[in-house]
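The structure under discussion appears below in the form of structure tokens.
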Amino acid sequence: MSICRFVTDDWNSDVHVYQTGNGINIETAGFRLRFTPNHPYPHGDMTRLTLDGHPHEAARLAYEQAEACRHAVREPIEDRHAGHTWTGLSPLAALGVLAGLRSRGFRVPEQAVDRLREAGERVPVKTV
């Protein structure tokens, strides 16, 4: 299950966070997309357009978004954690990694933090 992707907030996320059977994985981007004035990133919700009965508009939006990405400038992220992956994390450990990444300048969507906090609250606490 995906918690956030690089495309979250119209490509304003430097992390891809997702849950697997072995825990939570975090991947960091190796570059950021900078959209050009001639091909700005078009905002919109393809799923909503499709569900509302506008599949042709959804297809047009998908094409325009793909074109914007194709023409975007890829700017490397200059950090030793760029392009890195953490695997099998607990929600609490994942929150710690995201906090560390955010402090280093990585763009971490607030929704990722919120969803991990919610997941952490559902984890049973072991008593010893």
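The values are calculated or read from the model by the stated rules, or taken from the named source; none is laboratory data. Because the structure is predicted, anything quoted here is derived from the model rather than measured. Heads up, the Cβs are rebuilt from the backbone with ideal geometry, glycines too, and the neighbour counts pull from every protein chain shown. Calculation scope for accessible area: heavy atoms of the full protein, side chains included, ligands and nucleic acids excluded. Shrake-Rupley method; radii C 1.70, N 1.55, O 1.52, S 1.80 Å.
Taking region 94-117 as the range and being touching a residue at least 24 places away in the same chain (Cβ under 8 Å) and of a type outside the set (D, E, K, R) as the test, the residues that pass are Ala94, Leu95, Val97, Leu98, Leu101, Gly105, Phe106, Val108, Pro109, Gln111, Ala112, Leu116.
For Thr87, state whether it is under 18 Å from Arg5 (Cβ atoms), surrounded by 14 or more Cβ atoms within 10 Å (Cβ to Cβ) and in contact (Cβ under 8 Å) with a residue 40 or more places away in the chain. No; evaluated as a whole, the condition is false for this residue.
Rundown of residues vs (1) over 16 Å from Asp10 (Cβ atoms); (2) of a type in the set (Asp, Glu), yes/no style:
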{"residue": "Leu33", "(1), (2)": "no, no"}
{"residue": "His39", "(1), (2)": "no, no"}
{"residue": "Arg48", "(1), (2)": "no, no"}
{"residue": "Asp52", "(1), (2)": "yes, yes"}
{"residue": "Ala72", "(1), (2)": "no, no"}
{"residue": "Pro76", "(1), (2)": "yes, no"}
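Taken over region 67-92, the residue count meeting the criterion of being out of contact with any strand residue (DSSP E or B) (no Cβ under 7 Å at 6 or more places or on another chain) and at pLDDT 95 or above is 4. Among the residues of region 62-76, are any assigned to a helix (DSSP H, G or I), open to solvent by less than 90 Å² (accessible area, probe 1.4 Å) and either touching a helix residue (DSSP H, G or I) at 6+ places or on another chain (Cβ under 6 Å) or farther than 22 Å from Leu33 by Cα (or both)? Scanning region 62-76 turns up at least one residue that is assigned to a helix (DSSP H, G or I), open to solvent by less than 90 Å² (accessible area, probe 1.4 Å) and either touching a helix residue (DSSP H, G or I) at 6+ places or on another chain (Cβ under 6 Å) or farther than 22 Å from Leu33 by Cα (or both). Counting only residues that are open to solvent by less than 80 Å² (accessible area, probe 1.4 Å), in contact (Cβ under 8 Å) with a residue 12 or more places away in the chain, assigned to a loop (DSSP other than H, G, I, E, B) and over 25 Å from Gly105 (Cβ atoms), region 12-61 holds 2 of them. Being in a helix (DSSP H, G or I), under 15 Å from the mean Cα position of the chain (by Cα), within 16 Å of His16 (Cα to Cα) and at pLDDT 95 or above is a description that applies to Val97.
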